[in-house]
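Working notes, beginning with the structure itself.
The values are calculated or read from the model by the stated rules, or taken from the named source; none is laboratory data. Worth saying up front: this structure is predicted, and the values here are computed from it rather than measured. Cβ coordinates were reconstructed from backbone atoms using ideal geometry, including for glycine residues, and neighbour counts include every protein chain displayed. To get the accessible areas, we keep the full protein, side chains included, count just its heavy atoms, and leave off ligands, DNA and RNA. Shrake-Rupley method; radii C 1.70, N 1.55, O 1.52, S 1.80 Å.
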Amino acid sequence: MSIKNLFMAAALALAVACTSSRTTVPIKTEVPAREASQQDVIGLTVPAMDTVRIGFVGLGMRGSGAVSRYTYVPGVKIVALCDVEPDRVAAAQKTLEGRAFPKAAEYSGSLDAYKQLCERDDIDLVYICTDWIHHAEVAICAMEHGKNAAIEVPAATSLKECWDLVNTSEKTRKHCMMLENCCYDFFELSCLAMAQAGVFGEVLHVEGSYLHWLDPYWDEYWNNWRLDFNHTHRGDVYPTHGLGPICQVLGIHRGDRMKTLVAMDTKAVNGPARVKMQTGKECDDFLNGDETNTLIRTENGKTILVSHDVLTPRPYDRMYQIVGTEGYAAKYPIQQISVGSHDVLGPEAVKELQEKHPSPILTPELVDLAKTVGGHGGMDFIMDYRLIYCLRNGLPLDMDVYDLAEWCCLGELGSISIENGNAPVEVPDFTRGAWKKVNGFSYAFAQ
């Protein structure tokens, strides 16, 4: 080989090496050191309480439904109601009256009315259903005043909020749970039980999504906050409905952890069009793509695909797929399960599998009550019931603050990936090394 060719070959090898280095070394994200006074909250418990005294903050679409459901949950007392709009507080009060519950204390009229609620000494749990941007600040205030916090999805909208919630929970030793209702849907609970029993073999890949055309609903959000959030944020801003159930299947921070992600989005078309329809003005700065896809690899070599699309008229879909070495499960567009073959099992075979591997939390009595009370077919009620059951019995909650942080961090991390040419980005270890302390997801029960 000539000197010239040797030089060209060496230059090419160097270019490939440099390119490989740039594209395969993930962008690092900071994991702040845990303060000496803090400990992790894996398996956190608080003293059992006969009656769980609750204050609700945010009484719009989700909050008003929660108040109604909680009048059917045993062992609760609804102490206080809070919303910036007084008429919503009055409507929730009517709900209590209709169910023969005592009148609750009322707080309204300002964005910080929740602070007075958190300062009360007769509340054990603050249940937060505000707009997204106020979730974290209300929860932090609650925990700092000695209350446990339960927060609607997404509980955090940035890495800073994720870390603030983690650190506050660790410092105060109070629960901080995100209210991810999709973890309690019947098919997901059934498939989780089957996966844990080894029906699908080793699970290698999972998928989840939130595909829900919100065009008919944008105007229902107070002060247009949800469309505004999509306007000003890039990445998967609402990942947890799809991500939560599949992370439980993989045992995330219970023997495995999300390690690296890559995100990609389409251009924004329908988002800017919606803003123009509302304002009459051209919109050239809408950040959220009409569709966003995030691919994640775990420490143990599993992969996760999460999709977000609220701007195109696709049929509703949370995707929910489990791909194992010996089987497969999918929920949308129709429920499908296959075991040991690519052939889909018939209804009777599926029923037999589900009866052989039942979810441990779905007692016949709870299922009947959940379907009667409702809330997305009953899954909301099961979530609420389990939260109160665990608090009343002094048990660890089904979902902890690390679940919250891991599932919510995709928004900012995905934005970092997209803005850097779809580069890989490290997922922070919010447990700071404690992700191996528990092996696999499980539910706690009273002895």
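Below, the figures for the structure above:
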| item | result |
| --- | --- |
| Segment Val269-Ala90, extension gain: residue separation times 0.36 nm, minus the distance between their alpha carbons | 60.5 nm |
| Local electrostatic count at Lys267 - Lys and Arg +1, Asp and Glu -1, tallied over other residues with Cβ under 11 Å | -3 |
| Where labels lie 7 Å past Cα in the beta-carbon direction, separation of Thr325 and Met277 in nm | 5.0 |
| Table column - 3J(HN,Hα) (Hz), the stretch 299-305, Karplus curve with 6.51, -1.76, 1.60, x for Gly and Pro | 4, 8, x, 8, 10, 9, 10 |
| Span from the the stretch 46-89 Cα centroid across to the the stretch 295-340 one, whole angstrom | 33 |
| Dipole magnitude of the chain, debye to nearest 20 (Cβ charges: Lys/Arg +1, Asp/Glu -1, about Cα centre) | 660 |
| Accessible carbon and sulfur surface of the chain relative to its total accessible area, %, 1.4 Å | 53 |
| Charge-dipole axis of the chain as Lys and Arg at +1 and Asp and Glu at -1 on Cβ define it, positive-most pick from Ala149, Ile54, Ala80 | Ala149 |
| Residue-averaged 222 nm ellipticity for the chain, from DSSP H runs of 4+ at -39500 (n - 2.57), nearest 500 | -11500 deg cm²/dmol |
| Residue among Ala423, Leu287, Gly109 farthest towards the positive dipole end of the chain, charges placed on Cβ | Ala423 |
| Set Lys94/Lys371; Lys302/Lys356; Lys174/Lys356; Lys351/Lys371; Lys147/Lys437 screened for pairs whose C-alpha atoms are more than 30 Å apart | Lys174/Lys356 |
| Backbone HN-Hα couplings from phi across the stretch 37-52 [Karplus 6.51/-1.76/1.60, Hz, Gly and Pro as x] | 7, 9, 10, 5, 10, 4, x, 4, 10, 10, x, 4, 10, 4, 10, 9 |
| Helix axis angle, 159-172 relative to the chain longest principal axis, alpha carbon, degrees | 50 |
| Angle in degrees between helix 347-356 and the longest Cα principal axis of the chain, rounded to the nearest 10 | 70 |
| Residue-normalised accessible area of the chain, given per residue in Å² at a 1.4 Å probe | 44 |
| Potential lengthening between Ala197 and Thr303 on full extension [0.36 nm per residue; Cα-Cα distance subtracted] | 36.1 nm |
| Reduced Cα scattering model of the chain, Debye log10 I(q)/I(0), q = 0.06, 0.11, 0.12 Å⁻¹ | -0.27, -0.90, -1.07 |
| Cα-based helix-to-principal-axis angle, 240-250 vs the chain, degrees rounded to 10 | 70 |
| Sequence-distant residues sharing a close amide H with Trp213 (under 5 Å, placed H) | Arg314 |
| Residue-span extension gain [Asp219 to Ser158] - 0.36 nm each, minus C-alpha spacing | 19.5 nm |
